[in-house]
Amino acid sequence: MLRQICRRGRFDAFIQDNAVGVATSDTPVSTALQNLSPVLLSPKQSPQPTLRLSPIFEAQYYAQAKPLSPIFYNLILAYVNNNPESTKTFRHFQQLPHPIDGNVLPPHAVVISYVEHKSRNYSVLSMHQGNASISFRRMDGFVSYGFIQEMRQLVLEGQMRTFIIISPHRPLAPADDNSNPYPKWPGFQCAMVYSEPVGIEQWIIIEEKHIIGHVPYYQRPSGTFGIRDGTLILIESLYRNRL
């Protein structure tokens, strides 16, 4: 059974690494691969248009919402207004008076504890520490690592959006990084960070589409490799470099 699981994993990795060529060619091999992996879009297929949620659904959904803390509210507001993909600018709900056609970010959101993304479950840290440790791509394009602290859902412009609040790991100071052995052994695909979390003022917002994958970690006590503070060893190879 283990060998079969490994074969399937290698097959799925091959499909994903060659997804563009498989989806856009019309050879017997590509047809067979599309049948075995239906998530690929063939040239005759196209993504389904995104449906807008009705105002009635939005009102019913917000009936189960809870107030956002000022910190989380400001984080989400800054994220949606600074996101290059945003088509509209949202106003703070306390920025009165609002214009008739103004877009106001709701001060309430639905609290959730986990999401399923690409067939994987991701949870908040208080629910499952392993599922909360992730790698993700920031808006500046760089890959980062951290823990999922909270999740909030809002309906904006008729679309359900899940905002994931991340506490990124604290990088090693230059003096401690000199004692880190892993840069000398890149084949291990490991990184070291401090285990002490950053302050809430450094938390950031991402969405599901920014998640790359889970990141296993190993907590090490103070004194490891001569580093005074406690550290985490992050294992970056779980998602097999599929960014």
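Look at 123, 133, 54 and count the other Cβ atoms within 10 Å of each Cβ; fewest to most, that gives 54, 123, 133.
Computed extension gain for residue 224 through residue 62, at 0.36 nm per residue and net of the alpha carbon distance, reaches 53.5 nm. Residue exposure proxy: 172, 75, ordered by other Cβ atoms within 10 angstrom of their Cβ from fewest to most, comes out as 172, 75.
Based on the alpha-carbon gyration tensor of segment 138-243 and its eigenvalue square roots a ≥ b ≥ c, which shape applies: rounded if a/c is under 1.5, prolate if not and a/b is larger than b/c, or oblate? It is prolate, given that a/c is not under 1.5 and a/b is the larger ratio.
The stretch between residue 200 and residue 113, if pulled fully straight at 0.36 nm per residue, gains 29.5 nm over its current Cα-Cα span. Label-to-label distance for residue 71 and residue 159 is 2.9 nm, based on points extended 7 Å past Cα in the beta-carbon direction.
Cβ crowding within 10 Å, taken as a proxy for footprinting-reagent exposure, orders 136, 90 from fewest neighbours to most as 90, 136. Using the Cβ-Cβ distance between residue 178 and residue 237 with R0 = 25 Å, the FRET efficiency computed as 1/(1 + (r/R0)^6) comes to roughly 0.55.
Laboratory data are not the source of any read-out in this text; all were calculated from the coordinates shown. Treat the numbers as computed from the prediction; the structure is a model and nothing was measured. Cβ atoms come from the backbone with ideal geometry, glycine included; neighbour counts cover every protein chain shown.
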